[in-house]
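Trainee: Structure incoming, see below.
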Amino acid sequence: MNTTSKVTRRNFMKVGALAGTGLVIAFYLPSSHELNTSADSAGGSFAPNAFLQIEPNGKITVWVTKSEMGQGIQTSLPMLVAEELEADWATIHIKQADANPKYGDQGTGGSESIRTMWTPLRKAGATARTMLIAAAAQTWGVDKSTCKAKSGAVIHAPSGRKLTYGELAIKASKLPVPTTVSLKDPKDFTIIGKKTPRLDTREKVEGKAVFGLDVRVPGMLYATLAQCPVFGGKVVSFDATKAKAIKGVRDVVKVRDGIAVIAENTWLAMEGRRALDIKWDEGPNTGVSSPTISRMFAEQSKQPGLVARSVGDAAKALASAPNILESLYEFPYLAHATMEPMNCTADARADRCEIWAPTQFPSWGQEMAAHLLGLKPEKVTVHVTLLGGGFGRRANPDFMVQAAEISKAAGAPVMLVWTREDDMQHDFYRPTSSQLLRAGIDNKGFPVAWHHHILGPSIDAQMNPNFKGLDKGAVDVAASLPYTVPNIHVDFLNVSIPVPVGWWRSVWASQHAYANECFLDEIAFASRSDPYEFRMKLLANEPRYKGVLKLAATKAGWGKKLPEERGMGIAVVKSFGTYVAQVAEVTVEFKKVTVHRVVCAVDCGQYVNPDTIEAQMQSAIVMGLTAAWKGEITIDRGRVMQGNFNDYPVLRMDEMPVIETYIVPSQEKPGGIGEPGLPPIAPAVSNAIFASIGKRIRRLPIRSTYPA
């Protein structure tokens, strides 16, 4: 297919030889906002935000502008370039881009990396291929139609002559940039869609990969930060005498978020913090607790929310329905609990600052640090390291700003390291919520009305005090209910609670999916229908939903005879552009829940690396299963009561079910993959528990009813 840029050639593509290094291409990658509005319109001026470099020695370097946190994009994104470039994969090398406005949106979240870069990176590779072919044709004095690119070289078909990309790089860099390039037909892909080992595996296995905690800077000191245990509290006074008496403790300073202890190593900094005597003003939030939050939900439950979806007249249909079913689902706060705690290294000087951070949003951290230090953003350099888990937590730049402030106070480079307790008790938590669902059911057992009332804190409203209107993230999956119901009403009521909330892997989709899929199971049971067959009937106009649902049910052996006390549950969800169905096989014996097997079917449209998809489904299922079984952050006197993995447990290896993943071949546009595997697992398990023993779980975690 042909694709034409709508921006000027000068603005869209810049090509040149850099001191004899060969062909260097800068190409424009639109932000997710631009892709969601008009895919290729840039309008006006812009800064290119990614580079492809081909050196005379044949080495090909792709700068990755998204953050690698285990999801595999340092391999998947270069695969897009290499496919269209017709490169030899063995010659591909990667470099992580620093924060820079020229790169546009560098945020990594919402399962958007492949979705937003699918076309731009392919265009970049195709443009380079076109120019290399032109350079070879010019060298040989032949028509370029007689030349083809393959495995990192251009071949003249009639004569068999061959020139490598390295040999052509400098000449190609002097040619005019084509404004229209031809992209490959998917049937001709040799890299995209094929299982490909990750480019970063060897460095990780050998211990050479640099995560945030691996950063070392000459003259670097280490710091920990004492923060008020109550949300919104602040320091009244502190005595650092005992802390400073510890050999190796260099200084103790007050910063905006608390008291920082600076030392020669992290252990000494932690010892110094333990020796501090701090008096806190705990502020107005000491009355906040989990029971008071539940009461807030109960008191405000009758208030109408902002309408997210309205089809027909749900209220009228409910009033006239012969049967009404009602269920209340409750969800706790959840922490991210990334295996690498929050950390950041900063070197703040009077006129500049350099930061090394495992961050999902480097540009945000750059802007916030610059604001704090009184510098222009371009005077703050942010180097992005590998992330030891992100899940949305490392989108917020609080830890980056803290490190910059402490470094400025210390007058030296400083690595700030949070403890696990800091991480657990000063998170931006997945919101808690209360969700009331009501359905009107006709005499044939089918829903004629669906009413979904959601109460919870809005992330958008908390992040931006000036935000008005509907938080679309808080209603996304709930509002896109796929089932054929003639009357639907979905609304959201923002309940303001002084507990920090933020993005957590699949965020609200993890809650809406549970409410939707468990409630639909309740309707199916009330209608004396098989849960799988009932879904298929209500998805008559949704072929992709039906496709993954049928595949998961078939591979799981839905309907087969199971051992006593064992049950199967099913759920299907579309989130982040991807359709996922899961079947869980569960046993409940003596109030102990065991998940034996999970069968997962995924339709994410066109995909890059099936190995990544399988790994992400497994990862999402483990995290979702952990949250469903065990995850709960509780609040008492304005503070988080959990502090480590002893009271905020994660799934153990001996609790891990067998997971089977099946990918639906598709030519649809790419969907996300990092988060969509999580929402279906909790409802699938809960529905299996009901199939096993006839008990509904309407409040998570499951361990509040049954021990894991």
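Trainee: Mind listing just one residue for me: the one in the stretch 645-656 that is over 30 Å from SER76 (Cα atoms) and open to solvent by 30 Å² or more (accessible area, probe 1.4 Å) and, of those, nearest to the chain's Cα centre (by Cα)? Before the answer, list the steps.
Mentor: Going through the stretch 645-656, the residues over 30 Å from SER76 (Cα atoms) turn out to be 645-649, 654-655.
Pick out the ones that are also open to solvent by 30 Å² or more (accessible area, probe 1.4 Å) and you get 645-647, 654-655.
Numbers: PHE645: 22, ASN646: 26, ASP647: 25, ASP654: 27, GLU655: 25 Å.
Ranking the qualifying residues of the stretch 645-656, first place goes to PHE645.
Trainee: For the stretch 609-644, name all the residues that are open to solvent by less than 10 Å² (accessible area, probe 1.4 Å), part of a loop (DSSP other than H, G, I, E, B) and under 30 Å from ALA552 (Cβ atoms).
Mentor: Across the stretch 609-644, the qualifying residues are ASN609, GLY631.
Trainee: Turning to a different aspect of this structure: Kindly evaluate GLY672 against the criterion of being closer than 30 Å to GLY287 by Cβ, surrounded by 14 or more Cβ atoms within 10 Å (Cβ to Cβ) and among the small types (Gly, Ala, Ser).
Mentor: Working: closer than 30 Å to GLY287 by Cβ: no; surrounded by 14 or more Cβ atoms within 10 Å (Cβ to Cβ): yes; among the small types (Gly, Ala, Ser): yes.
No.
Trainee: So, in the stretch 313-352, exactly how many residues are under 23 Å from ASP521 (Cβ atoms), surrounded by fewer than 16 Cβ atoms within 10 Å (Cβ to Cβ) and more than 34 Å from the chain's Cα centre (by Cα)?
Mentor: 3
Trainee: Go through (1) surrounded by 22 or more Cβ atoms within 10 Å (Cβ to Cβ); (2) more than 23 Å from the chain's Cα centre (by Cα) for ALA474 and report which single condition fails.
Mentor: Tallying (1) surrounded by 22 or more Cβ atoms within 10 Å (Cβ to Cβ); (2) more than 23 Å from the chain's Cα centre (by Cα), ALA474 fails exactly one: (2).
Trainee: Continuing with this model, one more query. Here are THR146, THR179, THR139, THR164: which of them is free of Cβ contacts under 8 Å to residues at least 24 places away in the same chain and either open to solvent by 10 Å² or more (accessible area, probe 1.4 Å) or of a type in the set (Gly, Ala, Ser) (or both)?
Mentor: THR146
Trainee: Which of (1) on the phi > 0 side of the Ramachandran plot; (2) more than 27 Å from the chain's Cα centre (by Cα); (3) not polar (S, T, N, Q) does PHE576 not meet, given it meets every other one?
Mentor: Every condition holds for PHE576 apart from (2).
Trainee: Hey, does the stretch 109-120 have a residue that's at pLDDT below 95, of a type in the set (Asp, Glu) and closer than 25 Å to GLY390 by Cβ?
Mentor: No, because not a single residue in the stretch 109-120 is at pLDDT below 95, of a type in the set (Asp, Glu) and closer than 25 Å to GLY390 by Cβ.
Trainee: Take the stretch 679-708 and flag every residue that is part of a loop (DSSP other than H, G, I, E, B) and open to solvent by 10 Å² or more (accessible area, probe 1.4 Å).
Mentor: Residues satisfying the conditions are GLY694, LYS695, ARG696, ARG698, LEU700, THR705, TYR706, PRO707, ALA708.
Trainee: A follow-up question, please. Only one of ALA149, ALA137, ALA172 is hydrophobic (A, V, I, L, M, F, W, C), closer than 27 Å to THR65 by Cα and part of a helix (DSSP H, G or I); which?
Mentor: On the way: ALA149 fails: part of a helix (DSSP H, G or I); ALA137 fails: closer than 27 Å to THR65 by Cα.
Exactly one residue qualifies, and that residue is ALA172.
Trainee: In addition: Across the stretch 665-708, what is the total count of residues that are in contact (Cβ under 8 Å) with a residue 40 or more places away in the chain and more than 20 Å from LEU520 (Cβ to Cβ)?
Mentor: 16
Trainee: Condition test on ASN466, is it out of contact with any helix residue (DSSP H, G or I) (no Cβ under 7 Å at 6 or more places or on another chain), modelled with pLDDT under 95 and of a type outside the set (D, E, K, R)? Talk me through it step by step, then tell me what you get.
Mentor: On the way: out of contact with any helix residue (DSSP H, G or I) (no Cβ under 7 Å at 6 or more places or on another chain): yes; modelled with pLDDT under 95: yes; of a type outside the set (D, E, K, R): yes.
Answer is yes for this residue.
Trainee: If we keep just the residues of the stretch 210-249 that are surrounded by fewer than 19 Cβ atoms within 10 Å (Cβ to Cβ) and assigned to a strand (DSSP E or B), which is farthest from the chain's Cα centre (by Cα)?
Mentor: The qualifying residue farthest from the chain's Cα centre (by Cα) is ASP239.
Trainee: Taking the conditions exactly as written (open to solvent by 20 Å² or more (accessible area, probe 1.4 Å) and more than 24 Å from the chain's Cα centre (by Cα)), does ASN443 satisfy them or not?
Mentor: Working: open to solvent by 20 Å² or more (accessible area, probe 1.4 Å): yes; more than 24 Å from the chain's Cα centre (by Cα): yes.
So ASN443 fits the description; yes.
Trainee: What number goes with the only condition from (1) free of Cβ contacts under 8 Å to residues at least 40 places away in the same chain; (2) within 21 Å of GLY232 (Cβ to Cβ); (3) surrounded by fewer than 18 Cβ atoms within 10 Å (Cβ to Cβ) that TRP267 does not pass?
Mentor: (2)
Trainee: Just checking, does the stretch 657-667 include any residue being over 30 Å from GLY287 (Cβ atoms), of a type in the set (D, E, K, R) and open to solvent by less than 50 Å² (accessible area, probe 1.4 Å)? Even if it seems obvious, please write down each step before you answer.
Mentor: Residues of the stretch 657-667 that are over 30 Å from GLY287 (Cβ atoms), as a first pass: 657-667.
Next, only the ones that are of a type in the set (D, E, K, R) stay: 660.
Subset that is open to solvent by less than 50 Å² (accessible area, probe 1.4 Å): 660.
Yes, some residue in the stretch 657-667 is over 30 Å from GLY287 (Cβ atoms), of a type in the set (D, E, K, R) and open to solvent by less than 50 Å² (accessible area, probe 1.4 Å).
Trainee: Say whether the condition of being over 27 Å from the mean Cα position of the chain (by Cα), over 30 Å from ARG639 (Cβ atoms) and surrounded by fewer than 14 Cβ atoms within 10 Å (Cβ to Cβ) is met by at least one residue in the stretch 278-301.
Mentor: Checked against the condition, which is being over 27 Å from the mean Cα position of the chain (by Cα), over 30 Å from ARG639 (Cβ atoms) and surrounded by fewer than 14 Cβ atoms within 10 Å (Cβ to Cβ), the stretch 278-301 yields no hits at all.
Trainee: Suppose the filter is touching a residue at least 12 places away in the same chain (Cβ under 8 Å), closer than 21 Å to THR578 by Cα, open to solvent by 10 Å² or more (accessible area, probe 1.4 Å) and not in a strand (DSSP E or B); does THR119 pass it?
Mentor: Spelling it out, THR119 is indeed touching a residue at least 12 places away in the same chain (Cβ under 8 Å), closer than 21 Å to THR578 by Cα, open to solvent by 10 Å² or more (accessible area, probe 1.4 Å) and not in a strand (DSSP E or B).
Trainee: Tell me which residues, restricted to the stretch 101-110, are open to solvent by 20 Å² or more (accessible area, probe 1.4 Å) and in a loop (DSSP other than H, G, I, E, B).
Mentor: Correct list: GLY104, ASP105, GLY109, GLY110.
Trainee: Checking THR381 against (1) within 30 Å of PHE519 (Cβ to Cβ); (2) open to solvent by 30 Å² or more (accessible area, probe 1.4 Å); (3) in contact with a Cys (Cβ under 8 Å, 6 or more places away or on another chain); (4) not hydrophobic (A, V, I, L, M, F, W, C), only one condition comes out false. Which one?
Mentor: Only one criterion is unmet by THR381, namely (1).
Trainee: Taking the condition touching a residue at least 24 places away in the same chain (Cβ under 8 Å) and over 25 Å from ARG696 (Cβ atoms), does GLU565 pass? So that I can check it myself, show each step before the final result.
Mentor: On the way: touching a residue at least 24 places away in the same chain (Cβ under 8 Å): yes; over 25 Å from ARG696 (Cβ atoms): no.
So GLU565 does not fit the description; no.
Trainee: Assuming THR196 fulfils every condition listed in (1) assigned to a loop (DSSP other than H, G, I, E, B); (2) open to solvent by less than 20 Å² (accessible area, probe 1.4 Å); (3) within 30 Å of HIS371 (Cβ to Cβ) apart from one, which condition is it?
Mentor: (3)
Trainee: Please work out if ILE155 is outside any loop (DSSP other than H, G, I, E, B), of a type in the set (A, V, I, L, M, F, W, C), under 30 Å from GLY473 (Cβ atoms) and modelled with pLDDT of 95 or more.
Mentor: Values: outside any loop (DSSP other than H, G, I, E, B): yes; of a type in the set (A, V, I, L, M, F, W, C): yes; under 30 Å from GLY473 (Cβ atoms): no; modelled with pLDDT of 95 or more: yes.
It is false that ILE155 is outside any loop (DSSP other than H, G, I, E, B), of a type in the set (A, V, I, L, M, F, W, C), under 30 Å from GLY473 (Cβ atoms) and modelled with pLDDT of 95 or more.
Trainee: Which ones in the stretch 531-565 are touching a helix residue (DSSP H, G or I) at 6+ places or on another chain (Cβ under 7 Å), at pLDDT 95 or above and either open to solvent by 30 Å² or more (accessible area, probe 1.4 Å) or assigned to a helix (DSSP H, G or I) (or both)? Steps first, answer last, please.
Mentor: First, the residues of the stretch 531-565 that are touching a helix residue (DSSP H, G or I) at 6+ places or on another chain (Cβ under 7 Å): 531-532, 534-536, 539, 546, 549, 553, 558, 565.
Filter once more, so that each one left must be at pLDDT 95 or above: 531-532, 534-536, 539, 546, 549, 553, 558.
Hits for the stretch 531-565 are PRO531, TYR532, PHE534, ARG535, MET536, LYS546, LEU549, ALA553, TRP558.
The values are calculated or read from the model by the stated rules, or taken from the named source; none is laboratory data. Bear in mind the structure is a predicted one, so any value in this text is a computation, not a measurement. In this analysis, Cβ positions are derived from the backbone assuming ideal geometry, glycine residues included, and neighbour counts consider all displayed protein chains. Quick note on the areas: whole protein, heavy atoms, side chains included, nothing else; ligands and nucleic acids left out. Shrake-Rupley method; radii C 1.70, N 1.55, O 1.52, S 1.80 Å.
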